[in-house]
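**Q** Pasting a structure here, questions to come.
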Amino acid sequence: MDFYENGRRVIDQLGQYLTESRNKEKPVIHQRPIEEIQTSLDLDRYIENGGLTGPDLDVFVKKYLSYSTRLHHPGYLAHQVGIPHPTGALASLIDGFTNNAMAIYEMGPSAAAVEFFIINYLLQKIGWAPMPLKIEDRLTVSHGGGVLTHGGSLANLTALLAARNHLDPRIRESGNSDDLVILAPASSHYIISKAAGIIGIGEKNVIALDTDPLGRIRPDRLDAVYEAIKKQNKRIIALVANGGATGTGLYDAIDDIGTFCNERDIWFHVDGAHGACALFSSRMRKYLDGIQKADSIVLDAHKMLRTPLLCAALLVKNAEPLDFVFEPKASYLFHEKQQPGFDFIQQTIECTKAGLGLKFYFTLAALGEKGIETYLDRENDLTLKAYKYIKSQEDFCCPYYPESNILCFRIKGPDTLQLAIRDQLIQEGRFYISSTLLNTSRYLRIVCISPETGIDDIKDLITAIKRIKAGIPKRN
Ligand SMILES: *Cc1c(COP(=O)(O)O)cnc(C)c1O
């Protein structure tokens, strides 16, 4: 049967891709012009009559993989996208094959059960009460809630919607008034202002909180902002903090900010898309001290938790605002059908929703909590080693002591030099790094996320950067 044979062919190709990537036999990044890739893949060929099977499939997959960006390569240091655990990737296959659109229970009881389990597991890790398994108890027992979404962007958007509709339940039907603001540092992910635009608050009504030079919220300045906003008779939908910032990986002072918000009854949202993974590390957990003071948290499993794209969790301390975010009544209870489970559909923007939980569950279940912790601590260690090494190099500087796995640095020279170095590195294909603006200066930025990367790779990277600055071409 085609399925078995083709499946074996694809798995073989992926296995080879993994080995070549790990062994640095192929470039980490291989960006060819779009026309060239389309021609090479011969995309037109199968459209009319089909026939992509057997040896043809082999040829196609091989070419496809040859132009793919190799996250399993030790030189992959660019973005916060997880290096998927192979077992997690098998869950993607099961999810794709079964196609259970599990947002309604009857379309995917297994997937819904796994999602429910994952949400409760994460709620308990934060210290919040899990959702009761007996759905009728949801109205009487106070508990947390949550949903998995296709990415942290949707999760943040949903959190802000829940906060807005909680602040004023009339808005969902009648639309926004013009007195609404969101408080967030300028270092927050751009989805926060984008979300403000989407939900009609307006990007200019995201009030930038005072920060230190590294973009961290200054808790001592919160009161002044708050008083100023109250004087203008504005209403605060939420205060957003970074639990770690995308650019730097640095954490806001969650505990102090949480106390401030709790005392004033302000919805406290922690965007932990990248950094809430610290829940899994006893060493890094300190950066999330006070996290239980939040009202909502976003965590991306597809960043530091080795889960294939996409799996983000939105978690709320009290389920109610999320239960009612899109619905005036608890419609998960009022069915015209008999059902022994729970529909997530009232909690999401999405209608058809994949069984995202399985990818995260398979990854967790393959590595175990201990394995996840070992991985997180390893990446944190590597980042600290890289920091010490780079800081000790002449002409290099690192603007801060890293808290997670993100490190920014500069080599002496103008911003244009930093950008030119990154371009050249990508061209050469041995290292793939990113860059970021910090305090209006351009920095090179590495994300230690690949379990394949070691300190020797970082040392080689620095050697390559010095060589590029000196104008010496790469020797093969
Ligand atoms: C990555 C990230 C996001 C966006 O999440 P996606 O999963 O890419 O949609 C939001 N906030 C922070 C802090 C992030 O690091």
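The values are calculated or read from the model by the stated rules, or taken from the named source; none is laboratory data. Note that the structure is predicted; figures quoted are calculated from it, not measured. Remember, those area values only see protein heavy atoms, side chains included, never the ligands or the DNA or RNA. Shrake-Rupley method; radii C 1.70, N 1.55, O 1.52, S 1.80 Å.
**Q** Using the heavy atoms of the protein chains and a 1.4 angstrom probe, tell me the accessible area per residue for segment 32-141 in square angstrom.
**A** About 53 Å² of surface per residue is accessible.
**Q** Then there's this: Taking 1 over the mean of 1/r across every pair of different Cα atoms in segment 344-437, what Kirkwood radius in Å do you get?
**A** Averaging 1/r across every pair of different Cα atoms and inverting gives 16.9 Å.
**Q** With a 1.4 Å probe and every protein chain left in place, tell me how much accessible area Val240 has, in Å² to the nearest 10.
**A** Result for Val240: roughly 0 Å² accessible.
**Q** While we're looking at this one, here's another question. Along its principal axes, what span do the Cα atoms of segment 179-228 show, with the longest given first and each in whole Å?
**A** Projected onto its principal axes, the Cα set of segment 179-228 covers 30, 24, 11 Å.
**Q** Let me ask something else. How would the chain be classified by its alpha-carbon gyration tensor: rounded, prolate or oblate, with rounded meaning a/c under 1.5 and the a/b versus b/c comparison settling the rest?
**A** It is oblate, given that a/c is not under 1.5 and a/b is not larger than b/c.
**Q** Counting only protein chains, not ligands or nucleic acids, how are Ile472, Ile229 ordered by accessible area (probe 1.4 Å), most first?
**A** Ile472, Ile229
**Q** Cα extents of segment 99-218 along the three principal axes, largest first, in whole Å?
**A** 45, 38, 33
**Q** Using only Cα positions of segment 1-79, each an equal point scatterer, no hydration layer, compute I(q)/I(0) via Debye at q = 0.15, 0.18 Å⁻¹ and quote the log10 values to two decimals.
**A** Debye intensities relative to I(0), on a log10 scale: -0.61, -0.82.
**Q** Moving on to the next point. With a 1.4 Å probe and all protein chains left in place, how much accessible area per residue does segment 313-384 have, in Å²?
**A** Accessible surface, normalised per residue, equals 42 Å².
**Q** State the percentage of accessible surface on the chain attributable to carbon and sulfur atoms; use a 1.4 Å probe and exclude ligands, DNA and RNA.
**A** 53 percent
**Q** Rounded to the nearest 500, what is the 222 nm mean residue ellipticity of the chain from helices alone, with -39500 (n - 2.57) per DSSP H run of 4+ residues and division by all residues?
**A** -13000 deg cm²/dmol
**Q** Rounded to whole Å, give me the distance from the Cα center of segment 1-49 to that of segment 210-256.
**A** First find each Cα centre; the distance between them is then 46 Å.
**Q** Is any helix in the chain, taking whole DSSP H runs, at least 24 angstrom long along its axis by alpha carbon and on average at least 1.6 on the Kyte-Doolittle scale, and which ones?
**A** TM-like helix candidates: nothing returned.
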